[in-house]
Amino acid sequence: MAKPKIATTSLAGCFGCHMSILDIDERILELVDIVDFDKSPINDIKEFTGECLVGLVEGGCANEENVRVLQDFRKHCKILISLGDCAINGGLPAMRNTIPLKECLDEAYLNGPSVYNPSGRIPNDSEIPLLLNKVYPCHEVVKIDYHLPGCPPSADTIWQALTALLTDKPMELPYELIKYD
Amino acid sequence: MSENFETAIRSMCEGVGNDKARMMDIVREVQETFGCVSDDAMDLIADQVRTPRVEVESVVTFYAFLSKKQNGTVVFRLCDDIIDRMFGFERLKHAITEELGIDIGETTADGRFSLETTPCIGMCDQAPALMINDEIFTEVSRDTLLDYVEQLKAGITPERLRRRLGDGNNSNPLVSAAVSNNIRTRGEVIFAPLECGRALKKALSMSPNEVIRDIKTARLRGRGGAGFPTGMKWDFTRAARGERKFVICNADEGEPGTFKDRVILTERPELLIEGMAIAGYAIGAQEGIIYLRGEYAYLRPFLEDMLQKARNTGMLGKAIFGKQGFDFDIRIQMGAGAYVCGEETALISSCEGLRGDPKNRPPFPAQKGYHGYPTSVNNVETFCCVARILDQGAGWFSQIGSKGSTGTKLLSISGDCRRPGVYEVPFGIKLCEVLEMAGGNGAVAVQIGGPSGQMVGPKDYNRTICYDDLATGGAMMVFGPNRNLLEVVHYFMEFFVEESCGYCTPCRVGNALLKDRLERIMEGKGEPADLDYLEDLGVTVKSTSRCGLGQTSPNPILSTLKNFRPLYEQLVHEDQPFQATFDIQKALGEAKSIAGRPSMHFAE
Amino acid sequence: MSENTITFEIDGVEVQGAPGQTIMQAADAAGIYIPRLCAFEGLPPHGSCRICTVKVNGRFQSSCTQPVAEGIIVENDTEEILEFRRNLVDMLFVEGNHFCMFCEKSGNCELQALAYRLGITAPKYPFMFPANRTVDASHKDIFIDHNRCILCARCIRASRDLDGKNVFQFVGRGPEKHIAVNARARLVDTEVDVTDKAVEVCPVGAILRKHVGYAIPVGKRKYDHAPIGSDIEAQKH
């Protein structure tokens, strides 16, 4: 029987949650014994090669590209997990949610105290994904099956969750593994 | 800040003895005189009555009729409740926003007119209605409204606007309101003829305990909605220790669709005053307060006059009817636009010059109420029943109505019926009989007891109006076959979100979440799981809220989920992997307009 | 046992209380933790967060305000009530802008700790992301971040009853309700002082002292290892 597959991605995140995945250290050998990695920055596979059992999504949705990728994950993954605070509540990027988008762009590219931008233009190449009006938690865009909070979630949290899912056990996180920072 | 301004504010404070407990009177007067309670005014009031400034701000920002920002000389308040929406609110709103060139919540540039909406002003049987300053106008057409605006623009003051005065005491010069009583049936308790003073004299010939015993024998229960036995409440208040005791009349008739107290206040104030005096005698109180909702300010001069007449005839004042040792008088406390103040402990807070936050219970008002003294708070109609019980006898009263619910009940009936108005009916009457009387045959739903009550359909029309079956404080809104019932429910939730005092978490946050999820379903973006979500959330709000507001606010949703479930079920769709509520085009709207290019992934 | 002892039951355990005590006080003394946010020892009960809701003889009551009475049956740690508490905590999270990852209070925050204890991985309600929450950093030693305020009124009560100052009070109604200071706008214009109890009692990161943030390393903070309420439960004999 083929091994189940895992996919991971970082949307509007900092890759910190992926660092935490790597922090499971030598246990990653145990992991690759029981799963294969599909689309993920860890193996640099850019597009899904097939159906996955578990998708781990870091970061919330800040732009249209994030939405596209997240919907793609929902289509391909049986179980979708919001990994970390940004996926769950938007995190740091969501601090802009209380400020109109135009003001955010002006501050970032024109008016901010550390801005050097002699062109006076806000980047607008057609390759740049359009921003959403606010940063959306993943579960407001697609259905999410589990949430693993933390900034980042600890390696133990990730390990505990993955092994439970892969061995068909209920996901029960002890006190020390639910943290929001 | 001008010297005149300062002198005026300070003298308003002095007018109530610089008593911070009379804050409501002070800020109401400041608002009326200057069109706002400005930062400067708050500083002066705080200084004059020696209270922290933030305490003044706390009160001013709580009540809808008070404002920090400058209002126009004339303030239009369109009554925005579900019945008014059914009978032309939008038409009026459209006409007046266009005529004045301002939106709701704005003031004209010349500072003359402000435009606001306000929840039910107690005129549902003559909707659409509005207030212009303290004046009330009902059954207003687009043309009459525009005529009012024209007259006002010509310099006529709101109280001098040409209008047709209503029946009965509405035409009394002290009332002179364009309001109709619409009394459709007169029962034996409230609207029967009355010989003033006889009930009180009878009470004074008995001992206070005998009076309470009579109220208990009559099995009188509170008419405001909760139905607590009045005699028991009085017993507790009488038994409680306190140097002073208080009787408060709850005339904050704020439950949308309820207007029967307005008619009592207009046509039977003597009965009310007599009932309050009897209560004062029974519990050993010397002081009474009528808490009159801000919307009924137009009745105040008339009621003050009635109180004065009662003093003149010895029904109020010292040694009432010659009874040495029994002194009792009543003052009117005005509210300022806050539904929650109908909750008895919030009402007491408001009387004390505070925000209308409900208080923690225990202690109950009977033990520690107004300023910490034992207090009995009763509904307008309850006091009237009291007077009639003393006059006609407890046995006579308990023969009327049903076993657990004695006497008559005033119903305020509005909506899709041919004869809206006030009906005095014996308890135990069937809902279908009431509908028949009111000409509401063909109703697909009836909201019993206002938004905080329940919505029932035809299968429940054989049920009876009483405390043990369909309990109601008096409101009955009738909805015909062309009404969208979920829109009604949605209006009710909007109302509760607006009127929650915000003190406790479930009511402040939970009602907003309920409304939000209901909207999602109404937009066709709901899923079957959303119905469970509404139930779970509704039960949480009901079970954990601190006062009656939050304990009943989920009722519109919970009762329609129970009685009209197909309305919801036909709107929800099977679960989708993507959230139906996430609208990618809407989410990209701002960026598309800023960047001036379309989305690369999501074609419109 | 004195004749003034009141005996009642919490989740089937017999508990003794004294006249005038609240259910919460008696439970604390017996080593039974009833979760709470607005209640704070030494301050009069406020009864606003509703987290401490228990079922008393079949009726829901806030245990911080409900007095003990002989023979009452109290339910505290039941699935029904735990669900209410999770819902209430969720409501507080989505109502404000709570970003634990950069909040100085994280690890010592009672709202966060309660969510941990209740096993919440994400709120079930949609985030409101309110845009009307401001930050007042006018004072040199203290700041207020309204994004994190949960309207528990601890600061109001502490300032009034312990500091004798009335620096804080609620203004507005319903969703507009928020904490205001006793000045036209700014905290610096009030009598508040960094040593005030009002500054200390905030359960979340809404009122904080400046210059001392992040002083305690992760792993050594109050709730890093011991769930909130452990201190009370340790009293159990």
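Read-outs: derived from the displayed coordinates by stated rules, not from any lab. Because the structure is predicted, anything quoted here is derived from the model rather than measured. In this analysis, Cβ positions are derived from the backbone assuming ideal geometry, glycine residues included, and neighbour counts consider all displayed protein chains.
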Q | Taking A:His139, B:His601, C:His211 and counting other C-beta atoms within 10 Å, the order from fewest to most | A | C:His211, B:His601, A:His139
**Q.** Net +/- balance of residues flanking A:Thr49 in space, Cβ distance below 11 Å, scoring K and R +1, D and E -1
**A.** -1
Q. Which is farthest toward the positive dipole end of the range B:48-162 among B:Pro52, B:Phe113, B:Met86, measuring Cα position about the Cα centre, with Cβ charges +1 (Lys, Arg) and -1 (Asp, Glu)?
A. B:Pro52
Q) What number of lysine-lysine pairs in the range C:106-223 show an alpha-carbon separation below 28 angstrom, given a sequence spacing of 8 or more or placement on distinct chains? A) 18
Q.
Give me the inter-chain shielding for B:356-365: mean count of other chain Cβ atoms within 10 Å, whole number please.
A. 3
Q. To the nearest 0.05, what FRET efficiency results for B:Phe5 and C:Lys124 with a Förster distance of 60 Å applied to their C-beta separation?
A. 0.70
Q) Which lysines, on any chain, are close to B:Lys430 with Cα under 17 Å apart, when same-chain ones fewer than 8 places away are left out? A) B:Lys403, B:Lys409, B:Lys459
Q: Under 14 Å from a label point 7 Å along Cα→Cβ of B:Glu32: give me every residue in the range B:333-372 with its amide N that close.
A: B:333-337
**Q.** Candidates per trypsin sites (Lys or Arg not before Pro) in the range B:104-170, loop by DSSP, up to 12 other Cβ within 10 Å
**A.** B:Arg162, B:Arg164
Q. List the trypsin sites (Lys or Arg not before Pro) in the range B:62-98 that DSSP assigns to loop (not H, G, I, E or B) and whose Cβ has at most 15 other Cβ atoms within 10 Å. Which are they?
A. B:Lys68, B:Lys69
(Q) If you filter the range A:69-172 for GluC sites (Glu not before Pro), then keep DSSP loop positions with at most 10 other Cβ within 10 Å, what is left? (A) A:Glu127, A:Glu172
Q. Which order do B:Cys120, A:Cys52, A:Cys138 fall in if you start with the one that has the fewest other Cβ atoms within 10 Å?
A. A:Cys52, B:Cys120, A:Cys138
Q.
Rounded, prolate or oblate for the range B:3-60? Axes are the square roots of the Cα gyration tensor eigenvalues, ordered a ≥ b ≥ c, and the cut-off for rounded is a/c under 1.5.
A. rounded
Q | Gaussian network model of chain C, Cα within-10 Å springs - most flexible of C:Thr65, C:Thr53, C:Thr78 | A | C:Thr78
Q: Name the most mobile residue of C:Val171, C:Val15, C:Val68, meaning the one with the largest mean-square fluctuation, in a Gaussian network model of chain C with Cα contacts below 10 Å.
A: C:Val171
Q: Can you put B:Arg213, C:Arg50 in order of Cβ neighbours within 10 angstrom, beginning with the fewest?
A: B:Arg213, C:Arg50
Q. What Kirkwood radius, in Å to one decimal, follows from the Cα pairs of the range B:74-163?
A. 12.8 Å
Q) How many nm separate the modelled label positions at B:Glu487 and A:Glu127, each set 7 Å beyond the Cα in the direction of the Cβ? A) 5.2 nm
Q. Which FRET efficiency value, to the nearest 0.05, is calculated for A:Val115 and B:Ile104 with the Förster distance at 30 angstrom and r the Cβ-Cβ distance?
A. 0.15
Q | Pair A:Glu107, B:Asp305: separation of 7 Å Cα→Cβ label points (nm) | A | 6.0 nm
Q.
Please compute, for peptide C:222-234, the average count of beta-carbon atoms on other protein chains lying within 10 Å of each residue's beta-carbon.
A. 1
(Q) Using amide H atoms built in the peptide plane, which far-off residues or other-chain residues are under 5 Å from C:Ile142 H to H? (A) C:Lys210
Q: Could I have the simple spin-label model distance between C:Val13 and B:Glu433, label points 7 Å from Cα toward Cβ, reported in nm to one decimal?
A: 5.6 nm
Q) If the label point is 7 Å along Cα→Cβ of B:Ala239, which residues in the range B:200-225 have backbone nitrogen under 17 Å from it? A) B:208-217
Q: Step through the residues of the range B:177-182 one at a time and calculate ³J(HN,Hα) from phi using the Karplus curve (6.51 cos²θ - 1.76 cosθ + 1.60, θ = phi - 60°), rounding each to whole Hz and writing x for Gly and Pro.
A: 10, 7, 10, 9, 6, 6
Q: Please identify, among C:Lys197, C:Lys210, C:Lys55, the residue showing maximal mean-square fluctuation in a Gaussian network model of chain C using a 10 angstrom Cα cutoff.
A: C:Lys210
Q: Would you kindly state the longest site-free stretch of chain A, with sites defined as chymotrypsin sites (Phe, Trp or Tyr not before Pro) in a DSSP loop (not H, G, I, E, B) surrounded by at most 16 other Cβ atoms within 10 Å?
A: A:16-115
Q) If r is the Cβ-Cβ distance from B:Ala319 to B:Ala226 and R0 is 35 Å, what FRET efficiency results, to the nearest 0.05? A) 0.50
**Q.** Which listed pairs, of B:Lys233/B:Lys260; B:Lys202/B:Lys260; A:Lys75/C:Lys105, have C-alpha distances above 30 Å, in listed order
**A.** A:Lys75/C:Lys105
Q | Straight-distance crosslink candidates among aspartates and glutamates, where the alpha carbon sits under 12 Å from A:Lys78 and sequence neighbours closer than 8 are dropped | A | A:Glu51, A:Asp145
Q: Provide the descending list of Cα extents for chain A along its principal axes, expressed in whole angstroms.
A: 58, 36, 29
**Q.** Amide H within-cut-off set for B:Ile330, under 5 Å, with H built and near neighbours excluded
**A.** B:Gly288
Q.
Students often forget the sequence filter, so: which aspartates and glutamates lie under 16 Å Cα-Cα from C:Lys236 once same-chain residues fewer than 8 apart are removed?
A. C:Glu9, C:Asp11, C:Glu14, C:Asp28, C:Asp77
Q: For the range B:436-541, build the charge dipole from Cβ charges (+1 Lys, Arg; -1 Asp, Glu) around the Cα centre, then report which of B:Cys466, B:Leu518, B:Pro528 sits farthest towards its positive end.
A: B:Cys466
Q: For A:Asn63, list long-range residues whose amide hydrogen, built 1.01 Å from N in the peptide plane, is under 5 Å from its own amide hydrogen.
A: A:Leu132
Q: Would you mind calculating the gained length between B:Ser205 and B:Asp468 on full extension (0.36 nm times residue separation, minus the Cα-Cα distance), in nm to one decimal?
A: 91.2 nm
